[in-house]
Every structure is written in C-alpha cells, then in structure tokens.
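Novice: Below are the structure tokens for one structure; questions will follow.
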C-alpha cells in the first residue's frame, strides 16, 4: 500500500474515532465558549463542523483512479448515506443517553454539513478527473 493511502486510512480512522467521542462522550465540564457565533448556535455550528469532512474524507480514502464514473457515483452515494445514517442514529441514541439529548435541529445541522461535504467531494473529483 502506498504511503498516501496509509495516511488517508489513518486520517479517516482518526476522524471516525473523533466523531464517536464528540457525539457520544460524557464531558464533565466544558471550557468557556460563546453560546453563538454571528447569531448561529455554537452547538449547531459544532454539529455542522463534525459532519463537514465526512463525505470528502470517505471519498479521498476509498477513491481509486481506475474507478469508473458509476463506481465513483456509488461511492459518493454510499458516503453521503452513511453520514446521514450516523447523524440520524446518533441523535436517536443521544435521546436515550442521560448525559446527552437528541435534537432535530442537530440532525439538520449534521445534514447541512454532509451535503456541503458531498458537494466538495464532487468538486474535488471533477477537478482531479480533468487532469
């Protein structure tokens, strides 16, 4: 396996671990952070940021230059669907965790991050394909 592939897998695995900790972790205290940024709830911004790299990182980890356009499309559909499943599943699971709470608006913020990530992955693919 090439060095670049190993790095992609390591980054992807670390990202998955970080997402799991952020979504399900029990944090005893949090630093003093503002409640909102430019009128946007910090909680929703964090949810957006957690899911923003999801599809792009999955694409960069699993994409191969010899993949057909159909396989690339399926990779992107799978990556987006997986991100949405994790987002929905995490909100449902958080509802049952005493130290967390599931919120529909968190799912909306997760979804916007996943959509943005998908658009960026498509742009990256189109840029690298034209080379």
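Read-outs: derived from the displayed coordinates by stated rules, not from any lab. What you see is a predicted model, and the numbers here were worked out from it, not measured in a lab. All Cβ positions, even for glycine, are placed from backbone atoms using ideal geometry, and neighbour counts span all protein chains on display.
Novice: With labels modelled as points extended 7 Å from the Cα through the Cβ direction, what inter-label distance (nm, one decimal) is found for residue 69 paired with residue 33?
Specialist: 4.1
Novice: Arranged from highest to lowest average of other beta-carbon atoms within 10 Å per residue, in what order do the peptides 48-54, 99-105 appear? If you can, show how the numbers build up before the last one.
Specialist: On the way: 48-54: 21.0, 99-105: 12.9.
Top to bottom by mean Cβ count within 10 Å: 48-54, 99-105.
Novice: Please state the relative contact order of the chain as a whole percent: Cα pairs under 8 Å, 6+ residues apart? Walk me through the intermediate numbers first.
Specialist: Working: 110 pairs, mean separation 42.2, N = 131.
That works out to 32 percent.
Novice: Which of 117, 28, 81, 68 comes first, and how do the rest follow, when ranked by fewest Cβ neighbours within 10 Å? Each step should come with its number before you reach the end.
Specialist: Values: 117 23, 28 5, 81 12, 68 8.
So the residues, fewest neighbours to most, are 28, 68, 81, 117.
Novice: Using Cα atoms only, what is the angle between the long axis of helix 42-51 and the major principal axis of the chain, expressed in degrees (0 to 90) to the nearest 10?
Specialist: Result, in degrees: 20.
Novice: Relative to the first principal axis of the alpha-carbon coordinates of the chain, what is the inclination of helix 3-24, with its axis defined by its Cα atoms, in degrees from 0 to 90 and to the nearest 10?
Specialist: Helix 3-24 and the main axis of the chain meet at about 20 degrees.
Novice: Ranked by Cβ crowding within 10 angstrom, fewest neighbours first, how are 72, 55 ordered?
Specialist: Details: 72 18, 55 29.
Ordered by Cβ neighbours within 10 Å, fewest first: 72, 55.
Novice: Continuing with this model, one more query. Using a Förster distance of 22 Å, how high is the FRET efficiency between residue 130 and residue 2, based on the Cβ-Cβ distance and rounded to 0.05?
Specialist: On the way: r = 22 Å, r/R0 = 1.02.
Computed FRET efficiency for residue 130 and residue 2: 0.45.
Novice: What is the gain in length, in nm to one decimal, between residue 45 and residue 77 on full extension, counting 0.36 nm per residue of separation less the C-alpha to C-alpha distance? Numbers along the way, then the final one.
Specialist: Numbers: separation 32, 0.36 × 32 = 11.52 nm, distance 2.41 nm.
Length gained between residue 45 and residue 77: 9.1 nm.
Novice: Determine, at each q value in 0.09, 0.13, 0.18 (inverse angstroms), the log₁₀ of I(q)/I(0) that the Debye formula gives when each Cα of region 3-129 is one equal point scatterer.
Specialist: Listed by q, the Debye log ratios stand at -0.29, -0.58, -1.00.
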